[in-house]
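Nothing in this text is a laboratory measurement; each read-out follows from the coordinates by a stated rule. Everything numeric in this text was worked out from a predicted model, so none of it was measured. A quick note on method: Cβ atoms are made from the backbone with ideal geometry, for glycine too, and the neighbour counts reach across all protein chains shown.
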């Protein structure tokens, strides 16, 4: 499937403020005339939402880490097939609340599975469909977890939160590791500030990304034209 759009993912531990920032970012992009598809993981499809219920439910607290990882990628496979790849083919900007970096952070680091099983599944399921830009909302676990204790959040959907602070410290370390390895793609955004301040920084990062992406596309087009003129095009 030909890809014309862009995949922007927002990551971070639970309570970092992703949902609010995604709404603000999507509205800002739409006002500027972009086609935007907002989605989430696990979920985004009917099958994915059913899997989400299993993964978040406190009733499945004893779920094995490898089973958790397999369910995450089952939901992701359906999400890619139904939502992400078709939207990218239409030229939309896809904004996903979590994507594959979450599996590296949560299951690879948080559940201590290591990176190898995650990479094996990621190569099989995601392949070349990888985020173009990832924004990690970074927040200390204690601060983020305090935000998840709101009355609106159902106690029956706190399976991950029940894993405790040490678990989230490992997840955060996973995200920081990813950001350190891929600084061009992954940008750390300090959460815990006023939502407007966080959004202002996100927009600055996105504008710089768009500028760099536009320049890369122009260089690529120029290279293709040059190859065609010299008879080396395909």
More than 34 angstrom apart: percent of Cα pairs within the chain: 16 percent
Sites residue 30 and residue 50, calculated FRET efficiency, Cβ-Cβ separation with R0 35 Å, nearest 0.05: 0.75
The range 1-127: C-alpha pair distances exceeding 18 Å, %: 55 percent
Residues in the range 101-128 reached by a label modelled at residue 217 [backbone nitrogen below 12 Å; 7 Å Cα→Cβ]: none
Full-stretch length increase - residue 207, residue 59 - with 0.36 nm per residue and alpha-carbon distance subtracted: 49.0 nm
Nearest-0.05 FRET efficiency for residue 66 and residue 173, computed from C-beta distance (R0 25 Å): 0.75
Which of 50, 79 has the fewest Cβ neighbours within 10 Å, and the rest in rising order: 50, 79
Theoretical ellipticity at 222 nm over the chain - DSSP helices of four or more residues, -39500 (n - 2.57) apiece, nearest 500: -16000 deg cm²/dmol
Residue 196/residue 119 FRET efficiency (R0 45 Å; Cβ-Cβ; nearest 0.05): 0.75
Proxy reagent accessibility, fewest Cβ within 10 Å first, across 211, 132: 211, 132
Cβ crowding within 10 Å averaged over residues, with 187-195, 58-66 ranked highest first: 187-195, 58-66
